[in-house]
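What follows is one structure encoded as structure tokens, with my remarks underneath.
Laboratory data are not the source of any read-out in this text; all were calculated from the coordinates shown. Fair warning: this is a prediction, and the values are worked out from it, not measured in the lab. Glycine also receives a Cβ, built like all others from the backbone with ideal geometry; neighbour counts cover every protein chain displayed.
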Amino acid sequence: MVSTSFDEIRVEGLYFHYEKKPALKEVGFSAKKGRITAVIGPNGAGKTTLFKVIDLLARASSGRVFAGGKDVLALPPAEARAWRQSISFVMQEPYLFNMSVRQNLAVPLKMRKIPRSKIDRIVQDAIIKFGLGEIAEKKPFRVSSGERKRAGLARALVTEPALLILDEPTASIDPEASYLIEQYLKDLRAEGRTIIMMSTHDLFQARRLADDVALLFKGELIEAGTKDDIFDRPRNEITRKFVNGEILVENVRESCEALGRAPSTLRSTG
Amino acid sequence: MGWQSDMTSVLGFSIIVSATATAIAAAVAIPLGIFMGMREFKGKAVIVNLFNSFMGFPPVVMGVLIYLLLSKAGPLGFLGLLYTPTAIIIAQCFLCIPIIAGITISSITNHSKKIIETTLALGGSRTDVYENVFSENLVPILSGVMVGFGQNLSEVGASMIVGGNISFFTQTITTAIVTFTGQGRAMDALLLGTVLIVTAFFIMFALTILQLRARRS
Ligand SMILES: Nc1ncnc2c1ncn2[C@@H]1O[C@H](COP(=O)(O)OP(=O)(O)O)[C@@H](O)[C@H]1O
Ligand SMILES: [Mg+2]
């Protein structure tokens, strides 16, 4: 059995391939309870893939993911569900089922066969805590993308997971909605009971929120350490280039070359 | 009495036969469509295309095929089903399966990945996954069922050939229209035609409402 509470998750030597194409190569890092670990890296680095592997939604080619003294990648299929129930993964665009936001928050609790009266109470508390009162009875199509992300986060937390994984929790939503989500994550960290792991391609956000940072680049884990290690004392040349923005410049240049244009034409056509 | 009871019995018979055929087809086609829609496999595109082309399968041809199957000399001739309501149900069932399965597969192929991943990520079981994929695609699936029912109700070729258009036994709305027209009872034919159109209208109306309510994001 997987332990439902653990203080650390450790990823070791993780490989993943889409068909033949490698998306994760020898990825290793760890994340601890009461801290926010940001996985940073440009688009296509492998952040989403990494999270799917940890949540057993994608099968690693090799490697280990240790939690509570067990390698969760080696769990028999029957226990994969127990592992998923002890953690929560909020996808970049959370999918809300075609029912009210309130009913959506109840879904993970119903799947855990929690008594009806208890579900109602937990859901109501979450609605208040996450400021979802105005949209609680609305169906997903009437909810903005920022509200959807907030509802997705609330739905992930009603089960009090030991590990919360968030894929780009504030990408593509407005500053106010992003601010709210950042506040919830800070509050959750302050409570100290959860391992928080999030991806972001926003370096400013990583600086604001993270305690620990892991840089993924083209499927490889380039460097992991405390926020200060990564941003102020990078040991790796790629890390240094990424945190001061040079890699983004290189990516833009590569994309322009791929389009057969000089960067200047891109700028002038704006 | 007279034509009035004729008409109501023909209408009732048609609805019962077509609804039964649709229900049996749905019981086969929906699980099949969900199962295939949720999986990626080689040749899936071919199968989807096959279903799509069978959606427009001419009822008359289906009638002939089922006739060959059920006629005295045919492989299932010993069952003695030709010219019975059961024969019509069988033919309409086969006409309907590709419609329901095709619509179910394409809807689920497009809308199941996120549902599956979300359900598993929230701690759901395999049963939860199937349930959610079904309920989140309920509207397109029901649309498929209603389109199938509409087609069954309005087809004439298959029920004529395998049912035989026997009064008070296998006569449907559409085959009755053919008979009435032939007998010079044009007004009766027109009346039945109107009933058919009104029924079809209600089906389309219900469909539209369903689709409006289902608007996603
Ligand atoms: N379903 C898929 N099939 C094939 N390749 C994929 C698939 N999903 C992602 N990839 C590829 O894997 C790499 C990593 O993608 P992803 O994990 O989504 O990166 P990130 O989340 O950091 O942007 C990218 O090169 C991407 O093109
Ligand atoms: Mg991603």
Does anyone have the angle between helix B:173-182 and the longest principal axis of chain B? Alpha-carbon axes, 0 to 90°, nearest 10?
30 degrees
Any aspartates and glutamates with Cα under 17 Å of the A:Lys21 Cα? List them, leaving off those in the same chain fewer than 8 positions away.
A:Glu220
Whole-angstrom Cα spans of chain B along principal axes, big to small:
65, 42, 25
Once the convex hull of the alpha carbons of chain A is built, what does its volume come to per residue, in cubic angstrom?
152 Å³
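In Å, what Kirkwood hydrodynamic radius results for the stretch B:59-181 from the alpha-carbon pair distances?
Working: mean 1/r = 0.0607 Å⁻¹.
Taking every pair of different Cα atoms in the stretch B:59-181, averaging 1/r and inverting gives 16.5 Å.
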Can I get the semi-axes of the stretch A:99-160's equivalent ellipsoid? Compute them from the C-alpha gyration tensor as square roots of 5 times the eigenvalues, in angstrom, largest first.
19, 11, 10
Which longest uninterrupted range of chain B lacks any trypsin sites (Lys or Arg not before Pro) assigned by DSSP to a loop state (not H, G, I, E or B) and surrounded by at most 15 other Cβ atoms within 10 Å?
B:73-214
Using the 2.2 N^0.38 Å rule of thumb for compact globular proteins, work out how the stretch A:11-158 stacks up: its C-alpha Rg over that value, please.
1.18
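Pop out the Kirkwood hydrodynamic radius of the stretch A:129-270 from its pairwise C-alpha distances, inverse of mean 1/r, in Å to one decimal.
17.6 Å
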Tell me which residues come under 5 Å, amide H to amide H, from A:Ile222 once H is placed; ignore anything under 5 positions away on its chain.
A:Leu215, A:Leu216, A:Phe217
In cubic angstrom, how much convex hull volume per residue do the alpha carbon atoms of the stretch A:32-74 span?
86 Å³
Hey, which of these cross-link pairs are over 19 Å Cα-Cα: A:Lys113/B:Lys114; A:Lys32/A:Lys70; A:Lys129/A:Lys186; A:Lys186/A:Lys227; A:Lys33/A:Lys129?
A:Lys113/B:Lys114; A:Lys33/A:Lys129
I want to verify a result. In a Gaussian network model of chain B, Cα cutoff 10 Å, which of these has the top mean-square fluctuation: B:Leu192, B:Leu69, B:Leu82?
B:Leu69
For A:Asp232, A:Asp202, ascending order of other Cβ atoms within 10 Å (fewest first) is A:Asp232, A:Asp202
Over chain B, what is the relative contact order in percent, taking alpha-carbon pairs closer than 8 angstrom and at least six residues apart?
28 percent
Mind checking the stretch A:1-48 for trypsin sites (Lys or Arg not before Pro) that DSSP puts in a loop (not H, G, I, E or B) and that have at most 12 other Cβ atoms within 10 Å?
A:Lys20
Sorted from fewest to most neighbouring beta carbons within 10 Å, what does the list B:Met55, B:Met204 look like?
B:Met204, B:Met55
Across A:Arg64, A:Arg148, A:Arg208, the residue with the highest GNM fluctuation in chain A (Cα network, 10 Å cutoff) is A:Arg208
Out of every Cα-Cα pair in the stretch B:104-167, what percent are more than 16 Å apart?
58 percent
For peptides A:54-62, A:165-173, sequence by mean Cβ density within 10 Å, most packed first
A:165-173, A:54-62
Per q in 0.25 Å⁻¹, report the Debye log10 I(q)/I(0) for the stretch B:1-70, using one uniform scatterer on each alpha carbon and no solvent.
-1.15
Out of the stretch B:89-159, which GluC sites (Glu not before Pro) are coil in DSSP terms and have no more than 12 other C-beta atoms within 10 Å?
none
Rank B:Thr175, B:Thr104, B:Thr127 by mean-square fluctuation in a GNM of chain B with C-alpha springs under 10 angstrom and give only the top-ranked residue.
B:Thr127
Would you kindly give the portion of the calculated P(r) for the protein assembly as shown that falls above 29 Å, as a percent of all Cα pairs?
61 percent
Sort A:Met99, B:Met146 so that the residue with the fewest other Cβ atoms within 10 Å of its own Cβ comes first and the one with the most comes last.
A:Met99, B:Met146
Cα-based shape type of the stretch A:35-118, given that a ≥ b ≥ c are square roots of the gyration tensor eigenvalues and the cut on a/c is 1.5:
oblate
